[in-house]
Amino acid sequence: MSREEGLPANLKAIVTAEQIQHRVVELGRQITADYAGKRIVIIGVLENAFVFMADLIRHIELPTVCQFVLSDIHDVEEGLAPAREIFFFPEVEVSGEHVLLIEGLVQSGLTTDFLVTNLMGRGAASIKTASLLNRQSSRKVSVQLDYFGFDIDDPYVVGYGLGAPHLGRNLPYVAATKPPEPGV
Ligand SMILES: O=P(O)(O)OC[C@H]1O[C@H](OP(=O)(O)OP(=O)(O)O)[C@H](O)[C@@H]1O
């Protein structure tokens, strides 16, 4: 059996394992330089961020506190207007801390926007954002990431932490694929 077993046969690698490792080292160096003399509270948004965060933190040569939050996102209709409900847990203690929020993929920007506002409301001294993948063309709110690995346009991707919906998170590369059928 291979890692790809059970995923659609037409997987197309769009970012190789080597490109990811190279970029993660660069990002770690940049973050280390930008936060020189500070400790960072790193908050990973599960589940997509877990592989990226695990690799990135080992290239940050500063004291870090690492925590994860799990987001629960529902798109709902409020009257005629589409709206999104976002919950995340557990509560994180960030008062006075320099926070780096880490995601696997930012697309509409709604999750990042919500989390940044929420963490600022909890008294963080500063907040920056990092994501492995940036689907800039899908933005619905104006979110500019401070750090990202790769800009992508493909409608659905899998690998390096991202699942379809949960299978394939252990691929060392990122591949374009067709979106999973609802309920799979
Ligand atoms: O920019 P946005 O449009 O708000 O989308 C970004 C969110 O969506 C993805 O998670 P998703 O819930 O799809 O997957 P996961 O549960 O596998 O992490 C991604 O990891 C972000 O958390």
Residue hits (segment 1-40; without any contact (Cβ under 8 Å) to a residue 60 or more places away in the chain and among the hydroxyl-bearing types (Ser, Thr, Tyr)) are Ser2, Thr32
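Let me confirm something: among Val143, Val65, Val99, Val69, which residue is within 10 Å of the ligand (Cβ to nearest atom), part of a strand (DSSP E or B) and either touching a residue at least 60 places away in the same chain (Cβ under 8 Å) or closer than 30 Å to Glu18 by Cα (or both)? Outline the logic, then answer.
On the way: Val143 fails: part of a strand (DSSP E or B); Val65 fails: within 10 Å of the ligand (Cβ to nearest atom); Val99 fails: within 10 Å of the ligand (Cβ to nearest atom).
Answer to the selection: Val69.
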With the requirement that a residue be closer than 20 Å to Val158 by Cα, at pLDDT 95 or above and open to solvent by less than 50 Å² (accessible area, probe 1.4 Å), what does segment 49-74 give you? Ala49, Val51, Phe52, Met53, Ala54, Asp55, Leu56
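I'd like the full set of residues that are in a helix (DSSP H, G or I) and open to solvent by less than 50 Å² (accessible area, probe 1.4 Å), limited to segment 119-140.
Let us first name the residues in segment 119-140 that are in a helix (DSSP H, G or I), namely 119-121, 136-138.
Within segment 119-140, Leu119, Ser138 qualify.
Given the criterion at pLDDT 95 or above and out of contact with any helix residue (DSSP H, G or I) (no Cβ under 9 Å at 6 or more places or on another chain), identify the matching residue among Gly161, Gly104, Gly183, Gly121. Give the steps one after another, and end with the answer.
Details: Gly161 fails: out of contact with any helix residue (DSSP H, G or I) (no Cβ under 9 Å at 6 or more places or on another chain); Gly104 fails: out of contact with any helix residue (DSSP H, G or I) (no Cβ under 9 Å at 6 or more places or on another chain); Gly183 fails: at pLDDT 95 or above.
The match here is Gly121.
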Please verify whether Ile60 is in a loop (DSSP other than H, G, I, E, B) and touching a strand residue (DSSP E or B) at 6+ places or on another chain (Cβ under 8 Å), treating the condition exactly as stated. yes
If Ile42 satisfies every condition in (1) under 23 Å from Ile20 (Cβ atoms); (2) within 15 Å of the ligand (Cβ to nearest atom); (3) open to solvent by less than 30 Å² (accessible area, probe 1.4 Å) but one, which is the exception? (2)
Residues of segment 73-96 being within 15 Å of the ligand (Cβ to nearest atom) and not β-branched (Val, Ile, Thr), in sequence order, are His74, Asp75, Pro82, Ala83, Arg84, Glu85, Phe87, Phe88, Phe89
Which residues, taken from segment 158-184, are within 26 Å of Ala83 (Cβ to Cβ) and in a strand (DSSP E or B)? Leu162
Looking at Val116, Val94, which is the one that is modelled with pLDDT of 95 or more and either of a type in the set (Phe, Trp, Tyr) or assigned to a helix (DSSP H, G or I) (or both)? Val116
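The values are calculated or read from the model by the stated rules, or taken from the named source; none is laboratory data. Bear in mind that the values here come from a model prediction, so they are computed numbers and not experimental data. Counting neighbours? That spans all protein chains shown, and the Cβs are built from the backbone with ideal geometry, glycine included. What goes into the accessible areas is simple: the full protein's heavy atoms, side chains included, and nothing from ligands, DNA or RNA. Shrake-Rupley method; radii C 1.70, N 1.55, O 1.52, S 1.80 Å.
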